[in-house]
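Working notes for the structure below.
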Amino acid sequence: MATCPKIVSDRMRLSEEALNNLVPVPHDASDVCPVCRSWRHSRYPKCSNCMQIFAELTRPTPVVIPLTLYSKPSIMRDWLKYYKPGAKEYDPSFAAVLEALLWRFMAENGETLFRLLGGWGRVSVVPSSSRIPPHPLAELVTNSDAIRAPLIEPLERGHGELGHRITSDHAYVVRGSFEGQRILLVDDVFTTGAHAQSAASALQNHGALVPGILVLARRINPSFNEASERVWLRQRDQPYDYRQAISWLLNRGEESMK
Ligand SMILES: [Zn+2]
């Protein structure tokens, strides 16, 4: 379906106006986690969150693709928090900005990403822990027209515990049969990865294959320690370029693909 020129020009404008609020995702480095693209202690192969995730879950995915990094407080954080109806600060224009970002990111990188990940036939969002479906993110993904695959919502909260650093293969149950299907997972915010990776593990334990988790924004807390601040400042001081937004994925080492 062709998108009308007015929508395209609006999205181009919004995605250009947002550039100052976008922070490029780091390439592989001794202080960058090869999975979630946040900081890590150089003596460990992954950040502590990903180390825990890969120890506790049977089938998380090693490929997380953030569109941008962000920290708190920031305009990006407000867009991510208040694009969803319900909050007092809810602003419907924020969803339009996030839609434009996702659309532009995929317009510039979608084909390359599809090839690098080995393709996908379905797209699904990580369910919110407190909302009943449909998730506002599912609506955003559909409206953006960015990911050319049918959206499915097979995940429901299961009995497994889930929290900031609490993961479980049973945090989600999968409704339906997805044996052998390649499902791209999408989430809005990635902090520890507990939710998104528990969802990935549930789908993969159910016979699906999750080639990656696409996230709108990966949060970094620069005040956590010296390493987190260093990675944040290094990235924040670089201009964002949509055409370079997955250059880290093209250049990543063999080690990080395992
Ligand atoms: Zn990590």
Count of residues meeting criterion [loosely packed, with under 13 Cβ neighbours inside 10 Å and not polar (S, T, N, Q)] in the stretch 75-96: 6
Residue in the stretch 47-57 that is assigned to a loop (DSSP other than H, G, I, E, B), closer than 25 Å to S198 by Cβ, free of Cβ contacts under 8 Å to residues at least 60 places away in the same chain and out of contact with any helix residue (DSSP H, G or I) (no Cβ under 7 Å at 6 or more places or on another chain) present: yes
The one condition in (1) away from the ligand (no atom under 12 Å from the Cβ); (2) part of a helix (DSSP H, G or I); (3) not aromatic (F, W, Y) that T68 fails to fulfil: (2)
Subset of the stretch 108-121 that is surrounded by fewer than 18 Cβ atoms within 10 Å (Cβ to Cβ) and touching a Phe, Trp or Tyr at 6+ places or on another chain (Cβ under 8 Å) - its residue that is farthest from V174 (Cα to Cα): E108
Selection from the stretch 2-46 of residues that are under 28 Å from A200 (Cβ atoms), of a type in the set (S, T, N, Q) and not in a loop (DSSP other than H, G, I, E, B): S15, N21
Of all residues making up the stretch 35-63, the number that are small (G, A, S), more than 18 Å from the chain's Cα centre (by Cα) and within 12 Å of the ligand (Cβ to nearest atom): 1
Residues that are under 18 Å from S48 (Cα atoms) and either aliphatic (A, V, I, L, M) or more than 15 Å from the ligand (Cβ to nearest atom) (or both), drawn from the stretch 21-34: A29, V32
Residue tally, condition within 21 Å of the chain's Cα centre (by Cα) and farther than 15 Å from H206 by Cβ, over the stretch 158-179: 6
Meets criteria (within 16 Å of the ligand (Cβ to nearest atom), at pLDDT 95 or above and of a type in the set (D, E, K, R)) for R104: no
Any hit, the stretch 200-215, residues being more than 20 Å from G121 (Cα to Cα) and at pLDDT 95 or above: no
From the options D91, D31, residue that is more than 16 Å from the chain's Cα centre (by Cα) and under 20 Å from S128 (Cα atoms): D91
1 or more residues touching a residue at least 60 places away in the same chain (Cβ under 8 Å) and aliphatic (A, V, I, L, M): qualifying strands (runs of 3 or more DSSP E) within the stretch 159-250: 183-190, 213-219
Candidate set from the stretch 164-204 (those that are among the polar types (S, T, N, Q) and over 21 Å from I65 (Cα atoms)); member that is surrounded by the most Cβ atoms within 10 Å (Cβ to Cβ): S168
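The values are calculated or read from the model by the stated rules, or taken from the named source; none is laboratory data. Computed from a prediction, not measured in an experiment: that's the story for all the values here. Positions of Cβ are generated from backbone atoms using ideal geometry, with glycine treated the same way; all protein chains shown enter the neighbour counts.
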